[in-house]
Amino acid sequence: MPTSKRRKAKIQVRDLTMRYGDKLIQQNLNFDILERDVFIIMGGSGCGKSTLLKHLIGLYMPAKGQILLDRQDIWTVPPSQREALLRHFGVTYQAGALISSMTLAENIAMPLEMYTQLSTGEIADLVELKLSLVGLAGFQEYYPSEISGGMLKRASLARAIALDPDVLFFDEPSAGLDPISSRRLDDLILQLNESLCATIVVVTHELASIFAIGNNAIFLDAKSKTMIANGHPRDLLDNSTDQRVQRFLRRQASE
Amino acid sequence: MTKTISQFSCHANGRQFQIDLLGSWDKENGVPQALSVFAKIPAGTNKLLVSGEQLGAWDSSLVSFLLQIHLEAERRHWQVEYQRVPQGVGQLLQLALAVPESRVPHQEPPHTFAENLGFQSIVIWRVVNDFISFIGELTAASGRFWRGQARYRKVDFWWLVQDAGPHSLPIVTLISLLIGMILAFVGAVQLERFGASIFVANLVGLAMAREMSSMMTAIIMAGRTGAAYAAQLGSMQVNEEIDGLKTMGVSPMEFLVIPRMLALVLMMPLLTIYANLMGMLGGAIVSITMLDVSWSQFVGQLVGSVSLKHFVIGLVKSVLFAVVVAMSGCFTGLRSARSATAVGQATTSAVVLGIVLIIVTDSLVTIATTILDI
């Protein structure tokens, strides 16, 4: 990926500690996500990847530390401004998270109806565009329960890009998908990264995806409860001296 | 069919203790307790030899037996050697003995009375805390709603109204009619002795208008609609739909709770008026068929004895009940954890909390009206 120009940091995480009640999830997280990065959050099951994602998108409040979006702390700005900040985000959840009582078109139209002054016709056109971008043209009137898992994720992606966000988050995009659908989703992520100039943050533990799309990554460790590597996945594979990172990236079972 | 009993023979040989596995080992024949073997081992032994030379058919019951032996021997720092044990058994044992990298200790549930008391108190304290902040958020969201700033879908709202109102009519009809008839029966038995059967109309009218119709409707709605709300919001929580809404900057309070509450607040008084009519009709049916009261006598007596005040009190209560039913349904639903069991629990507690709050509210209103003398 061309990185000739020096890119600005889009999201900065400073000294972040995450907890669920009394339970420590991760601590001392420090990393930058640059503009137009495809940033991978990886690590074994249960290490807190999804929790980190939910902190990044402002759903959970950090126990300690800061999350800065364009150099603004998303938790110290007043609530009204925070809502505006968070509108720069599009999120695709693990299970899709589309509202089950609404059709795909209604789901995708919702953010447009809420935050823009567009007419019904204009919104319908935009919905059609977003659905065709993810390869689901013609599925407007389907309900989330009527389509397959892979389609659900793509529909969820269509909703995430409804407002043309600067940052797109994916929680386990390839979970539960067959290799081909998973590959297609990866390609789609890369295309959106290039054409929308969006920064992309992906939580995953699929090695194929990590190497195919990622150009920056952090590795979270469940045992030491902090990040133990940061860099381009290929660099980590070639140069990391940490056994845990090597084992993960080379798919080796522990001895 | 003869059953071979799973067995083994053993003998000591210096510091070594040999176990010979004999015949077939399977679950049908049962598995000997591994510890019973250790009871037979003489002191001073430091090595176990397991021989599979005379072993017949086997299944996982053998592996489980050997695993217990192996673990116990390891605890005693003895050596274990396997001789002519089938390859499959050896592989399964190895797999079972491969210790995962780390064992995270499972949080122990409280044991003693004091621990339990403390644990439960914390849980209750959290629920109360959450409920108070729920009421706070709801009030704030209502404020935005009245200023016309709340984000919700009109379609959803009308669908909820349809569900809470017209769709509840059949069950409200049945229950209210029966309640009216029961009240009339009970009253009739007593009043007939004094030749005062006409006063059944007063009894039924007053009880329905002031108390029964609003309360019974509320209890029906807690079981029907409150539970549905908890299940809907609970499964939305499971599917991350609520998270999805929040990331789009849509408040679940405005989008989900306000329309539900509004639908109930609009529909419950109407249902209560309807329940009043049905209950009184039930009373009339009993009076006319059992006691020699005519239709016009009954209506005349009813109109003369039950003043508008009682109806108004019933209606005010029904609005309060609508608020508590919607609140308990939505609160438990939103608070649900992310599993199928949790949604079930949320639904149960929605109904329980709803009914408790209905009765408590009713008592408070009764106390208030008594003090105010209305």
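Brief remarks follow.
- Only one of the listed residues (A:SER181, A:SER209, A:SER224) is surrounded by fewer than 22 Cβ atoms within 10 Å (Cβ to Cβ) and either touching a helix residue (DSSP H, G or I) at 6+ places or on another chain (Cβ under 8 Å) or under 18 Å from A:GLY135 (Cβ atoms) (or both). That residue is A:SER181.
- Test: B:SER296 is closer than 13 Å to B:ALA201 by Cα and touching a Phe, Trp or Tyr at 6+ places or on another chain (Cβ under 6 Å): no
- Among the residues of segment B:7-49, the ones that are part of a loop (DSSP other than H, G, I, E, B) and either closer than 20 Å to B:ARG75 by Cβ or touching a Leu at 6+ places or on another chain (Cβ under 9 Å) (or both) come to 11 in all.
- Some residue of segment B:346-365 being acidic (Asp, Glu) and either free of Cβ contacts under 8 Å to residues at least 40 places away in the same chain or outside any helix (DSSP H, G or I) (or both): no
- Qualifying residue in segment B:222-231 (condition: within 14 Å of chain A (Cβ to nearest Cβ), at negative phi and not in a helix (DSSP H, G or I)): no
- Among (1) charged (D, E, K, R); (2) exposed (fewer than 12 other Cβ atoms within 10 Å of the Cβ); (3) part of a helix (DSSP H, G or I) - the single one B:GLU108 does not satisfy: (3)
- Being β-branched (Val, Ile, Thr), part of a helix (DSSP H, G or I), within 14 Å of chain A (Cβ to nearest Cβ) and in contact (Cβ under 8 Å) with a residue 12 or more places away in the chain is a property that B:ILE198 lacks.
- Test: B:PHE311 is of a type in the set (Phe, Trp, Tyr) and either outside the structural domain of B:GLY226 (by TED's automatic domain parsing) or under 22 Å from B:GLU137 (Cβ atoms) (or both): no
- In segment B:152-165, of all residues being in a helix (DSSP H, G or I) and in contact (Cβ under 8 Å) with a residue 60 or more places away in the chain, the one that is nearest to B:ILE219 (Cα to Cα) corresponds to B:ALA164.
- Exclusive hit being over 17 Å from A:THR92 (Cβ atoms), more than 14 Å from chain B (Cβ to nearest Cβ) and not acidic (Asp, Glu), set A:GLN140, A:GLN191: A:GLN140
- Of the residues in segment B:67-80, at least one is more than 15 Å from B:LEU93 (Cβ to Cβ), of a type in the set (Phe, Trp, Tyr) and under 52 Å from the mean Cα position of the chain (by Cα).
- The condition (being surrounded by 14 or more Cβ atoms within 10 Å (Cβ to Cβ), at pLDDT below 85 and assigned to a helix (DSSP H, G or I)) is satisfied by just one residue among B:SER168, B:SER61, B:SER142: B:SER61.
- One residue from B:ARG210, B:ARG193 being more than 14 Å from every other protein chain (Cβ to nearest Cβ), closer than 20 Å to B:ILE355 by Cα and surrounded by fewer than 24 Cβ atoms within 10 Å (Cβ to Cβ): B:ARG210
- Residue within segment B:194-215 that is of a type in the set (Val, Ile, Thr) and under 30 Å from B:GLU254 (Cβ atoms) present: no
- When residues of segment B:89-134 are limited to those that are modelled with pLDDT of 85 or more and among the small types (Gly, Ala, Ser), the one nearest to B:GLY329 (Cα to Cα): B:SER133
- Qualifying residue in segment B:259-276 (condition: modelled with pLDDT under 95, polar (S, T, N, Q) and either surrounded by fewer than 24 Cβ atoms within 10 Å (Cβ to Cβ) or within 21 Å of B:ALA350 (Cβ to Cβ) (or both)): no
- The criterion of being in contact with a strand residue (DSSP E or B) (Cβ under 6 Å, 6 or more places away or on another chain), crowded, with 16+ Cβ neighbours inside 10 Å and either at pLDDT 90 or above or farther than 25 Å from A:LEU185 by Cα (or both) holds for A:ASP37.
- In segment A:143-156, residue nearest to B:ASP243 (Cα to Cα) [restricted to those that are within 14 Å of another protein chain (Cβ to nearest Cβ) and under 21 Å from the mean Cα position of the chain (by Cα)]: A:SER156
- Residue satisfying condition, being at positive phi, within 14 Å of chain B (Cβ to nearest Cβ) and either in contact (Cβ under 8 Å) with a residue 12 or more places away in the chain or out of contact with any strand residue (DSSP E or B) (no Cβ under 7 Å at 6 or more places or on another chain) (or both), within set A:ASP164, A:ASP171: A:ASP164
- Here B:LYS154 fulfils each of the conditions (1) among the charged types (D, E, K, R); (2) within 13 Å of chain A (Cβ to nearest Cβ); (3) surrounded by 12 or more Cβ atoms within 10 Å (Cβ to Cβ) apart from (3).
- Cβ-Cβ under 6 Å pairs, at least 6 apart or on other chains, segment A:55-78 side touching a residue at least 24 places away in the same chain (Cβ under 8 Å), far side basic (Lys, Arg) and surrounded by 14 or more Cβ atoms within 10 Å (Cβ to Cβ): A:TYR60/A:LYS54; A:ALA63/A:ARG19; A:GLY65/A:ARG14; A:GLN66/A:ARG14
- Within segment A:210-232, being touching a residue at least 40 places away in the same chain (Cβ under 8 Å) and within 20 Å of A:PRO179 (Cα to Cα) holds for A:ILE210, A:ILE213, A:GLY214.
- Tallying residues that are outside any loop (DSSP other than H, G, I, E, B), in contact with a strand residue (DSSP E or B) (Cβ under 6 Å, 6 or more places away or on another chain) and surrounded by fewer than 17 Cβ atoms within 10 Å (Cβ to Cβ) within segment A:58-84 yields 3.
- If you check A:ILE25, A:ILE41, A:ILE33, A:ILE11 for being within 14 Å of another protein chain (Cβ to nearest Cβ) and part of a strand (DSSP E or B), only one passes: A:ILE25.
- Counting the residues of segment B:232-257 that are without any contact (Cβ under 8 Å) to a residue 24 or more places away in the chain, facing chain A (nearest Cβ under 7 Å) and out of contact with any strand residue (DSSP E or B) (no Cβ under 7 Å at 6 or more places or on another chain) gives 5.
- One residue stands out in segment A:88-131 among those that are part of a loop (DSSP other than H, G, I, E, B) and surrounded by 21 or more Cβ atoms within 10 Å (Cβ to Cβ): the one that is nearest to the other protein chains (Cβ to nearest Cβ), namely A:ALA97.
The values are calculated or read from the model by the stated rules, or taken from the named source; none is laboratory data. No experiment lies behind these values; they were computed from the predicted model shown. Because the Cβ atoms are built from the backbone with ideal geometry, glycine has one as well, and the counts that use them run over all protein chains shown.
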